[in-house]
Amino acid sequence: MDKIASFTIDHTKLLPGIYVSRKDNVNGNVITTFDLRVTRPNYEPVMNTAEIHTIEHLAATYLRNHEKYKDITIYFGPMGCRTGFYLLLAGDYQSKDILELVIEMFDFISKYDDEVPGASAKDCGNYLDMNLPMARYVAKKYVDEVLVNIEMNRLVYPE
C-alpha cells in the first residue's frame, strides 16, 4: 500500500502550528484539510483525551455558529496521535487565510467558563471524559506560544 500524505511529513521536524495537510477536489469543489498541530510530535507530552474531547466540543460548536465559517465547515476533530486537530473547510485556502479564525477560536476556548455544549449522556457517547480547565490551559498555550506572532515555518510543512 502507498503511504497516505500525512505519513510522509517528517514528524521529527514538525513544530506546533497551522499547516495545509491536503486539498481534495470533490465534484469540482476544493476541500482544504488543515493540520492544527498543538503539541510537538514525539517531543512534548500528547494531550489527554479529556481535554481533546472538550476542545472538540467547543471548537465544533464555535465553528458551526461562526458567521463566516458555519456554512463552509466540513469537520473539526482530533488526530489519533493526540498532538492536534484536523479542520476541513470547503474552499481553497492557505494556512495564513485561517490564522485569525484559529486564534479567535482557541482564545474563545481558553476563556470559556460555562457548561460544555453537548456534554450530557443524551448528547454524547462519552460525556464524562471532559476536562475544561485543561482544555482552557492547552488552548491558551497554543494561542500564546504558537499562534500569536507565528512564523512562516509554522505555516508550511517542513521539507
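Computed from the coordinates by the stated procedures, all read-outs in this text should not be read as laboratory data. Everything numeric in this text was worked out from a predicted model, so none of it was measured. Here Cβ is always computed from backbone atoms with ideal geometry, including for glycine, and neighbour counts include all displayed protein chains.
In summary, the helical segments of the chain meeting the span-like criteria, namely a full DSSP H run, a Cα extent along the axis of 20 angstrom or more and a mean Kyte-Doolittle hydropathy of at least -1.0, are 49-65, 95-111.
If R0 equals 22 Å, the separation of the Cβ atoms of Thr49 and Thr8 corresponds to a calculated FRET efficiency of about 0.25. Among the trypsin sites (Lys or Arg not before Pro) in region 67-127, those located in a DSSP loop and surrounded by at most 15 other Cβ atoms within 10 Å of their own Cβ are Lys68, Lys70, Lys122.
Annotation for region 10-94: GluC sites (Glu not before Pro) lying in DSSP loop with at most 13 further Cβ atoms inside 10 Å of their Cβ are Glu67. For region 86-118, list residues with backbone N below 16 Å from a point placed 7 Å from the Cα of Leu155 toward its Cβ? Residues 93-104 qualify, since their backbone N sits under 16 Å from the label point. Region 93-107 and region 48-74 have Cα centres separated by 13 Å. The Cβ shell under 15 Å around Glu151 holds other residues with a net charge of +3, Lys and Arg each +1, Asp and Glu each -1.
The distance between label points at Asp123 and Asn27 comes to 3.0 nm (points 7 Å beyond Cα on the Cα→Cβ vector).
Note on Ile72 and Glu100: their simple-model spin labels are 1.2 nm apart, each label 7 Å out from Cα toward Cβ. Both numbers refer to the Cα atoms of the chain; Rg and Dmax are 15.3, 46 Å.
Would you calculate, for the chain, the mean residue ellipticity at 222 nm contributed by helices, counting each DSSP H stretch of 4 or more residues as -39,500 (n - 2.57) and dividing by all residues, to the nearest 500? Before the final figure, lay out the partial values.
On the way: 3 runs with 45 residues, N = 159.
So the helix-based figure for the chain works out to -9500 deg cm²/dmol.
Total Lys pairs in the chain closer than 18 Å by alpha-carbon, pairs eight or more apart in sequence or interchain only? Final tally of qualifying lysine pairs is 5.
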